[in-house]
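Throughout, read-outs are computed from the coordinates displayed, never taken from laboratory work. If you're wondering where the values come from, they're calculated on a predicted model, not measured in any experiment. Please note: Cβ atoms are built from the backbone with ideal geometry, for glycine as well, and neighbour counts cover all protein chains shown.
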Amino acid sequence: MELYADIIVDISHSRLDRTFTFRVPEELRQILEPGNVVEVPFGKSDRPQKGYVLRISDHTSCAPEKLKTILRVETNLAGAESKLTALALWMRDYYGSTAVQALRTVLPFREKSAPRERKRLVSLVPKEQLQQQMETCRRKHQTARARLLEAMLQEPVLPMEVVTGSLKITPSVWKPLAEQGVLTCERELVYRTPAVLQRLRADIRKDQENSRGVGGAAELSGLSGDSGTIRLSTEQQQVVDQICARWEDGTGRYLIHGVTGSGKTAVYMELIAHALERGQQAILLIPEISLTYQNVIRFYHRFGDRISILHSRLSQAERYDQFERARDGDIDVMIGPRSALFTPFQRLGILIIDEEHEASYHSESVPRYHAREVALKRAELEGAHLVLGSATPSLEAYYGAEHGRYELLCLPNRVAGGELPVVHTVDLRSELKEGNRSILSRMLVEKLEDTLARGQQAMLFLNRRGYSGFVSCRACGYVAKCPHCDVSLSLHKNGKLICHYCGYSEPMIHDCPECGSGFIGGFRAGTQQIEEVVQQRFPQARLLRMDADTTRGKDGHAEILRAFGNGEADILIGTQMIVKGHDFPNVTLVGILAADLSLHVADYRASERTFQLLTQAAGRAGRGKEPGEVVIQTYDPEHYAIVCAARQEYEPFYRQEIAYRRLAGYPPAGGILAVHCASKEEQTLTVAIDYLSRFLRGIAQRRKAAVIGPADEPVARIQDVYRKAVYVKHSDTRVLIAIKNITELYIEQNPGYKPITIQYEMN
């Protein structure tokens, strides 16, 4: 029986416009499978080209006699690239993207970035012959050539930068000598090293040189032992032992629930060391670029040059080079955000997702994947262990632990017996009634004065995540909500309050319907305004501000964090990027400004994200020897998310939140499929999504699923592109995937949807 394979060709040059069909030779029929990397004849010249098998079938719409035949399977890539290709195919099916989009996400390719080379001139003849050649050149007054040969008598290997720099030798001088066989020019591929690693190496080298002057120091390559390892607490060691004890039993899935400051990073390091001892490799995902520098310092001291990093500020060539280093076995540990998940390690032993609750693990571009779900699939494909860690686990992870998807491991105490900070909640409604209209409450001002007087540091966190124009009353805390979806209404420029789930709208209100106050509207203060207020109130304080404006530079995050860590500022002001996993021992006060901003956004996860943000922010205080304090400023102090965050209690919050999710049918208790549609023509989009929602209601009704919408997206127009969405809810994700697959066929068969961009998002 003949077999045919649909193959995407030449991904390394990003020509991924379509698939091509090839015949499967008889010798490969028993071993070829989707995800394999193959070599095929391609183009008019039939030049061998790499390809990726998408599907295999016993029939084809092409004329079989015209099809070319697969040459061979790349068996040496089975441990990395083939499995990543299989992962991309799973992402295509689960998240509703094309194979091209999934492969672009998973497999790196180089775009117009030539490899960097290091050149050197190497002598090929004995010194006596070099001496004779040099004397001959001097007699002929070939001074430049004689100067080069004289240098090679001293150093038979000369870096090209020395040749062209201090010696001032041009290629026209040394090339005739190379043609005569006197010397050769060797080329070595050099990987681009991220700036953070370069600076870290330089700092460590400087420290070593200083320490040698007072008694010597260990070489950088040998950083381990006392300089690299950390003595674990009993709780930490128990977690490590539990995971390592099951290492050889096959793949494990774990959720480490550890309070802020419980030492999860030290646990990760021990688990990675365990993998490396067995000849395996490790990936550590971190949620934000702002975490990179602190993580790199700790891991570099432990593992030296065996680690590398990825983050969004790297150039495309730098990112590609880090993947090439991993592919070649030059590194064993990769640290970075969600894209690091696709590092092409051949012997992956463990995947760790730190702060797994973070929204940045969810991709906003197609395929709209979540790193947690993709990591779970990759661990399954690779036979690797998966470890999730958080002080405030996502409801999906904790729900999964309750239902046996993960094994729950707990770190309930801070290391070295440190206490969690004392948390104070300030009711901003009372502040307003008593005449204080400042963004700083009286309690926070007093605590800042005390902190500065003691020579300690403070962090002021402006909770602006998810801010989308909700309307609230500053006098009583009332928030305008949708009567149908239990999410806040968003204020639009046309003066209407709109729900982004069902499309309900009403006119803007100017007086509070509950208390009659005129103090109703949206929150408008930003970090720059807060910096001005704080500087005016505390002119002697040294301030640093960390937000999108101050971190535009390539290493903006690292520079600000390093300066604050070195004590160059007294107060750090910023958005959520300042409260993500940072460890500053001298910070004893954290002020949380406007805690409500993320509480009332038009998102069913608003309460969860608010609890996580506030708990994480509070966890930055008191991580050193001195106790910490936290001031939470809010208009809604009775809300369970704020009450539980103030008490640092996860379990009570989870119980109440999961009860609401069950009632509403939202994830993780239920499933939701979002179909995002966009077009430059508003009328075309409106008609298209109306037909689409009617089609979805027809197929959803037979499967007892619910359809919500269509409605405008939270941002209804971006760069003159209009955006709308429709949602499908069902308790079983498999039903939603089936509905998505049917919808894809419907759209493919209807040419009216060609001007519409359609994306799918699962849960």
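Summary of values
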item	result
Equivalent ellipsoid dimensions for segment 671-762 as semi-axes, Å, which come from the Cα gyration tensor, largest first	22, 14, 11
Whole-Hz ³J(HN,Hα) from phi, Karplus 6.51 cos²θ - 1.76 cosθ + 1.60, for segment 698-707, glycine and proline x	x, 7, 6, 4, 5, 10, 6, 9, 10, 10
Rounded to 10°, Cα long-axis angle of helix 606-618 versus longest principal axis of the chain	70
Computed [θ] at 222 nm, helices only, for the chain once each DSSP H run of length n ≥ 4 contributes -39500 (n - 2.57)	-10500 deg cm²/dmol
Calculated FRET value between residue 157 and residue 39, using beta carbons and R₀ = 45 Å, to 0.05	0.75
Full-stretch length increase - residue 496, residue 402 - with 0.36 nm per residue and alpha-carbon distance subtracted	29.6 nm
Cα centroid separation - segment 320-389 against segment 618-656, whole Å	31
Length gained when the stretch residue 454-residue 749 is fully extended (0.36 nm per residue, less Cα-Cα span)	99.2 nm
Whichever aspartates and glutamates have a C-alpha closer than 17 Å to that of residue 680, once near sequence neighbours (fewer than 8 apart) are set aside	690, 712, 713, 720
Computed E for residue 506/residue 312 - FRET, C-beta separation, R0 30 angstrom, nearest 0.05	0.15
Members of 481/724; 83/377; 729/754; 481/740; 140/168 lying beyond 22 Å, as alpha-carbon distances in this model show	729/754; 481/740
Inter-probe distance in nm under a simple model that places probes 7 Å from Cα toward Cβ, at residue 117 and residue 135	3.6
Radius 9 Å from Cβ of residue 678, net charge of other residues (Lys, Arg +1; Asp, Glu -1)	+2
Nearest-0.05 FRET efficiency for residue 20 and residue 681, computed from C-beta distance (R0 25 Å)	0.15
Residue 166 paired with residue 278, simple spin-label distance in nm, labels 7 Å along Cα-to-beta-carbon	5.0
C-alpha long axis of helix 733-749 to longest principal axis of the chain, angle in °	70
Degrees, to the nearest 10: 292-303 long Cα axis against longest axis of the chain	50
Among 420-433, 614-627, 328-341, the order from most to least packed when residues are scored by Cβ within 10 Å on average	614-627, 328-341, 420-433
Whichever aspartates and glutamates have a C-alpha closer than 14 Å to that of residue 119, once near sequence neighbours (fewer than 8 apart) are set aside	161, 186, 188
